[in-house]
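Report on the following structure.
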Amino acid sequence: MQAKQCALKQGFINCHDCGYLVKITQQLSSCPRCRSHLHERKPHSLQRTCALLLSSFFLYIPANIFPIMTVTQFGTGDAHTIAGGIIELIDGGMIPIGLLVLVASILVPSSKLIGISLLLLSVYFRWKINARRWTFMYRVIAFIGRWSMLDIFMISILVDLVDFTGVQIIAGPAAIAFAAVVILTMFAAENFDPRLLWDKQ
Amino acid sequence: MNNTSYQACPECDLLIDLVQPEIGEKIHCPRCGLLLLRPRKQSIERTFALSIAGLILFVPANFLPMVGITLLGKANSGILMSGVISLFNENMWPVSIVVFLASILFPLLHISLSLLISGHLYFNRYNRNLVSWMRWMHHLDEWVMLEVYMLSIIVACVKLMSISPLILGWGLYAFITLIFITALLTSSLDKELFWQHIEQLSKDNKHAS
Ligand SMILES: [Zn+2]
Ligand SMILES: [Zn+2]
């Protein structure tokens, strides 16, 4: 029964861009409704996701080691890493905001990296999984990704506002690496095709 | 129009025999639980009106000062673009470009596209680019990050509060309203209905010529 329910096995392709259901025929290569290219599944889903994921793993290291911003006060510079900034917030008594930044810039990116790796492994090694639960996990990963940009936007606001003679905030090299991690993991999640979780059932 | 049609779930590829839902009803995929259809009342009219409102609000949200601080007797205030420029001047151009795209260009493009599309549908005008506009808008969806930016403003304000009193400008209020408008816009835009209308318009156009 399970196999019969799958649209592809019944000879239909679901258009990725507009959701139009197309009957597979020899001459059709693009969607009759939106003219986009038809693919049975997202093309090279596993390879692309894997490549994007590996690059974000590498960039995640400089993103956490190097300072993300430097506060200079009358000549003395004070460099913060991502974790350092959070510790300072919590030490300063701003606990809710500290926790918020902790979630957005540490928990979200790291759980995304782990989550996408698990999704890839489960499809590649055909693990016996509860596909519904894993699809839900995929949806959560795809949803939370953008919220990691919090730190990047905040740096752009602080760098702009705190710019006085004597007191300045300057963005650090980790900002570039971190922004790249957020964007690459967003692309990785976009390229992963959750239907692969159901195909191997 | 026929009221039952086959559709496939985009996340689990289940073939579903769908009965066209009533307004206010929600149809979820029975196998993976994804929200498939949620028809909205007067989707085209509302999207059209909200896009106009959003585009107008875009001007004060981008050109009026949002937050200001005073330190050592000097005042400093910022707008969306000035953050991008400051980063650029610090040789942080990759970050500056990302901030520019996610907080200024993509939101502007998204609202403009939804105005173009809903405008054409509202006046029943056919345009051969409608299909491309719909696809661009679909791909832009995820990269419009105004609400994330709002959260960043809050965090930045809390951080700055300890060193200086804050001055909240009209740009900030315009920006908050803009976020509400874009949220309403996203929820009123019924993509399936839009696609069906576009399909109908292009069919009519072919018959006419
Ligand atoms: Zn299509
Ligand atoms: Zn489904």
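Quick check on A:LEU53: is it within 16 Å of A:LEU113 (Cβ to Cβ), away from ligand 1 (no atom under 14 Å from the Cβ) and more than 14 Å from every other protein chain (Cβ to nearest Cβ)? Against the criterion (within 16 Å of A:LEU113 (Cβ to Cβ), away from ligand 1 (no atom under 14 Å from the Cβ) and more than 14 Å from every other protein chain (Cβ to nearest Cβ)), A:LEU53 qualifies.
Applying the criterion of being assigned to a loop (DSSP other than H, G, I, E, B) and polar (S, T, N, Q) to the residues of region A:11-41, the residue that is nearest to ligand 1 (Cβ to nearest atom) is A:SER36.
Within region B:142-151, how many residues are within 7 Å of another protein chain (Cβ to nearest Cβ), of a type in the set (A, V, I, L, M, F, W, C) and open to solvent by 20 Å² or more (accessible area, probe 1.4 Å)?
Of the residues in region B:142-151, 1 are within 7 Å of another protein chain (Cβ to nearest Cβ), of a type in the set (A, V, I, L, M, F, W, C) and open to solvent by 20 Å² or more (accessible area, probe 1.4 Å).
Each row is one residue, and each column tells you yes or no for (1) of a type in the set (A, V, I, L, M); (2) open to solvent by 30 Å² or more (accessible area, probe 1.4 Å); (3) within 13 Å of chain A (Cβ to nearest Cβ); (4) within 16 Å of ligand 1 (Cβ to nearest atom).
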site	(1), (2), (3), (4)
B:GLN7	no, yes, yes, yes
B:PRO10	no, yes, yes, yes
B:LEU14	yes, no, yes, no
B:PRO21	no, no, no, no
B:GLY24	no, yes, no, no
B:CYS29	no, no, yes, no
B:GLY33	no, no, yes, no
B:ARG40	no, yes, no, no
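Filter region B:24-44 down to the residues that are of a type in the set (Gly, Ala, Ser) and within 10 Å of ligand 2 (Cβ to nearest atom) and list them by number. Across region B:24-44, the qualifying residue is only B:GLY33.
On inspection, A:ALA179 fails the criterion of being farther than 30 Å from B:ILE167 by Cβ, open to solvent by less than 10 Å² (accessible area, probe 1.4 Å) and in the same structural domain as A:LEU121 (by TED's automatic domain parsing). When the criteria are applied in full, B:ILE154 fails the requirement of being open to solvent by less than 30 Å² (accessible area, probe 1.4 Å), within 11 Å of another protein chain (Cβ to nearest Cβ) and assigned to a helix (DSSP H, G or I).
What about A:THR76, is it over 25 Å from B:CYS9 (Cβ atoms), open to solvent by less than 60 Å² (accessible area, probe 1.4 Å) and away from ligand 2 (no atom under 16 Å from the Cβ)? When the stated conditions are applied, A:THR76 does not pass them.
Yes/no per residue for (1) more than 8 Å from every other protein chain (Cβ to nearest Cβ); (2) not small (Gly, Ala, Ser):
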{"residue": "A:VAL159", "(1), (2)": "no, yes"}
{"residue": "A:PHE164", "(1), (2)": "no, yes"}
{"residue": "A:GLY172", "(1), (2)": "yes, no"}
{"residue": "A:VAL181", "(1), (2)": "yes, yes"}
{"residue": "A:MET186", "(1), (2)": "no, yes"}
{"residue": "A:ASP193", "(1), (2)": "yes, yes"}
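Working only within region A:1-29, note down all residues that are more than 28 Å from the chain's Cα centre (by Cα), within 11 Å of chain B (Cβ to nearest Cβ), more than 16 Å from ligand 2 (Cβ to nearest atom) and surrounded by 12 or more Cβ atoms within 10 Å (Cβ to Cβ). Across region A:1-29, the qualifying residue is only A:VAL22.
Matching residues to (1) part of a loop (DSSP other than H, G, I, E, B); (2) within 23 Å of A:PHE66 (Cβ to Cβ); (3) more than 16 Å from ligand 2 (Cβ to nearest atom):
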{"residue": "A:ILE114", "(1), (2), (3)": "no, yes, yes"}
{"residue": "A:SER117", "(1), (2), (3)": "no, no, yes"}
{"residue": "A:ARG132", "(1), (2), (3)": "no, no, no"}
{"residue": "A:THR135", "(1), (2), (3)": "no, no, no"}
{"residue": "A:ILE155", "(1), (2), (3)": "no, yes, yes"}
{"residue": "A:THR165", "(1), (2), (3)": "yes, no, yes"}
{"residue": "A:ILE183", "(1), (2), (3)": "no, yes, yes"}
{"residue": "A:PHE187", "(1), (2), (3)": "no, yes, yes"}
{"residue": "A:TRP198", "(1), (2), (3)": "no, no, no"}
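In region B:103-118, the residue that is nearest to B:PHE175 (Cα to Cα) out of those that are buried (at least 24 other Cβ atoms within 10 Å of the Cβ) and hydrophobic (A, V, I, L, M, F, W, C) is B:ILE111.
The values are calculated or read from the model by the stated rules, or taken from the named source; none is laboratory data. Fair warning: this is a prediction, and the values are worked out from it, not measured in the lab. Cβ sites come from the backbone with ideal geometry, for glycine too, and all protein chains shown count toward neighbours. All accessible areas refer to the heavy atoms of the entire protein, side chains included, with ligands and DNA or RNA removed. Shrake-Rupley method; radii C 1.70, N 1.55, O 1.52, S 1.80 Å.
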